[in-house]
Amino acid sequence: MLSRSSFTSLVVGVFAVYVAHTCWVMYGIVYTRPCPTAADGAAGGCVWPYLARRPKLQLSVYTTTRSSIGAESNIDLVLNVEDFDIESKFERTVNVSVPKKTRNNGTLYAFIFLHHAGILPWHDGKQVHIVSPLTTYMVPKPEEIHLLTGESATRQIEAEKQTNALDEPVSHWRSRLTLNVMVEDFVFDGSSLPADVHRYMKMVQLGKTVHYLPILFIDQLSNRVKDLMVINHSTTELPLTVSYDKISLGKLRFWIHMQDAVYSLQQFGFSEKDADEVKGIFVDTNLYFLALTFFVAAFHLLFDFLAFKNDISFWKKKRSMIGMSTKAVLWRCFSTVVIFLFLLDEQTSLLVLIPAGIGAVIELWKVKKALKMTIRWQGLRPKFQFGAYNDSEKKTEEYDAQAMKYLSYLLYPLCIGGAGYSLLNVKYKSWYSWLINSFVNGVYAFGFLFMLPQLFVNYKMKSVAHLPWKAFTYKAFNTFIDDIFAFIITMPTSHRLACFRDDVVFLVYLYQRWLYPVDKSRVNEYGESYEEKSKQKS
């Protein structure tokens with residue numbers, strides 16, 4: 001069997017190999033080997049860019065309810081850019097007619113053509129085009145109302161009539177269409193074309209050389225949930241913002257891989273909103289900050305695993321609650337479960353929800369250990385039994401109860417007052433939503449106060465040796481990483497502020513660790529002392 005230190009070393013080693021392999025893969029995506037004979041001017045085996053000829057181009061955007069077109073009469077022209085300059089960035093907003101079929105939960109497609117100026121797209125043999133749906137299906141977000149006054153209830157009923165049922169997906173309008181053209185005069189090696197770019201390439205033979213036509217790309221990562229609009233039966237026109245920007249080959253390949261990754265997540269059961277959180281990481285940050293985010297996320301996973309491992313190991317061996325605040329353990333369990341339910345009610349990203357759920361399960365198990373609880377089943381009915389505390393543990397409980405008594409004078413009025421204020425002034429989807437929000441606001445705003453009983457116990461006992469410092473250290477690293485993620489991943493504002501609150505709590509613990517150095521002659525929670533171990537070794 002592997003020892004704990006060997007297992008940790010193995011995990012860190014696997015993590016280092018994973019990071020190195022990922023860096024190598026990312027380098028292979030960003031860097032593309034050019035055709036080796038292109039520098040000598042030889043044409044054999046090379047694929048040359050058609051844009052190097054500097055053709056006069058035109059951009060045309062059409063809409064239709066069909067996924068393929070064969071005649072001009074079946075489509076509507078919504079945008080026409082003559083003298084299209086691939087180097088110039090632009091953004092235009094146009095009004096698009098919504099057909100009756102689309103208003104009845106149908107799909108509307110956009111056909112984007114890049115062709116020679118003055119020639120219709122279907123008459124141009126060197127045109128390139130790409131298709132993108134302008135609609136998607138998603139369950140509409142329920143409207144929030146004042147629970148006491150019932151304001152907006154009428155509008156909510158009307159909205160339910162229009163969409164038949166709020167739990168059924170309906171057509172939503174994608175109000176943004178982001179286009180890119182790869183502008184580098186890059187010469188590809190015909191024998192080793194990158195598979196990701198190859199599917200966007202169209203080849204033509206010009207004389208003795210093979211050319212690839214302009215690579216037109218639709219940035220699907222820019223389609224965010226916040227830009228979606230519900231299509232009502234009475235809607236006849238909707239705005240569409242068409243934006244264009246040039247793109248390099250390296251970024252194009254990277255973007256293709258990221259879009260494929262998001263599509264894979266949706267195939268594995270991730271909802272549109274979960275995929276949208278991943279899109280936000282890529283779209284709202286530049287590539288350098290994105291690379292930093294990857295490394296930060298990787299270390300976050302490593303520290304999460306090591307913190308869970310050491311925390312479970314500490315509580316698995318723990319037989320005594322001397323120096324440990326039971327109230328703090330109970331509160332941490334309650335707050336973790338409430339936060340998980342709140343994130344679930346807010347339909348937060350799975351990137352945040354899954355770690356919160358695992359943490360809630362671990363905290364429930366720690367409460368069972370702290371209360372010395374055993375569960376015995378009598379048929380289908382469970383019977384709970386609690387163990388007895390010794391004199392030292394009872395002394396700790398006295399300090400714990402004393403600290404909670406002082407806290408209750410401050411904490412309960414603040415929580416009740418905050419819940420009453422939100423009921424009168426804030427809109428909620430339901431009474432359950434108000435209850436969960438009230439609990440979680442109390443946890444986020446005043447939850448750090450429940451860490452004070454443990455600090456008070458440490459002060460009374462003049463010791464911090466009974467705390468799981470390894471797990472605390474890993475959690476501290478993750479807390480500082482969470483400070484970075486608080487500005488990257490979409491999450492409720494209260495959850496974001498709680499990340500910075502944890503920094504303050506940990507700094508207080510560090511101060512106590514410096515103030516109360518570990519007495520090596522003191523017996524720890526396992527009945528051992530450092531000096532006895534040294535004598536046994538000698």
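The values are calculated or read from the model by the stated rules, or taken from the named source; none is laboratory data. Bear in mind the structure is a predicted one, so any value in this text is a computation, not a measurement. Don't worry about glycine lacking a Cβ; one is built from the backbone with ideal geometry, like all the others, and counts go over all protein chains shown. We work out accessible area using only protein heavy atoms, side chains counted, and drop any ligands, DNA or RNA first. Shrake-Rupley method; radii C 1.70, N 1.55, O 1.52, S 1.80 Å.
The figures follow:
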| read-out | value |
| --- | --- |
| Residue check for LYS251: open to solvent by 50 Å² or more (accessible area, probe 1.4 Å), assigned to a helix (DSSP H, G or I) and at pLDDT below 85 | no |
| Criterion violated by SER243 - all others in (1) at pLDDT below 90; (2) open to solvent by 10 Å² or more (accessible area, probe 1.4 Å); (3) assigned to a strand (DSSP E or B) satisfied | (1) |
| Evaluation of VAL78 against (1) in a loop (DSSP other than H, G, I, E, B); (2) at pLDDT 90 or above (one fails), failing number | (1) |
| Total residues in region 103-142, condition more than 15 Å from VAL61 (Cβ to Cβ) and either free of Cβ contacts under 8 Å to residues at least 40 places away in the same chain or open to solvent by 60 Å² or more (accessible area, probe 1.4 Å) (or both) | 11 |
| Any hit, region 89-102, residues being surrounded by 16 or more Cβ atoms within 10 Å (Cβ to Cβ), of a type in the set (Gly, Ala, Ser) and not in a loop (DSSP other than H, G, I, E, B) | no |
| Residues that are open to solvent by 20 Å² or more (accessible area, probe 1.4 Å) and over 34 Å from the mean Cα position of the chain (by Cα), drawn from region 196-240 | LYS202, MET203, VAL204, GLN205, LEU206, GLY207, LYS208, THR209, VAL210, SER234, THR236 |
| Close pairs (8 angstrom Cβ cut-off, 6 or more residues apart or separate chains): at positive phi in region 417-441, at pLDDT below 75 anywhere | none |
| ALA307 in a helix (DSSP H, G or I), open to solvent by 30 Å² or more (accessible area, probe 1.4 Å), small (Gly, Ala, Ser) and at pLDDT below 80 | no |
| Residue check, TRP365 among the aromatic types (Phe, Trp, Tyr) and in a helix (DSSP H, G or I) | yes |
| Selection status of LEU147, over 30 Å from GLU184 (Cα atoms), in contact with a helix residue (DSSP H, G or I) (Cβ under 8 Å, 6 or more places away or on another chain), buried (at least 16 other Cβ atoms within 10 Å of the Cβ) and modelled with pLDDT under 85 | yes |
| Region 348-391, residues that are small (Gly, Ala, Ser) and open to solvent by less than 60 Å² (accessible area, probe 1.4 Å) | SER349, ALA356, GLY357, GLY359, ALA360, ALA370, GLY387 |
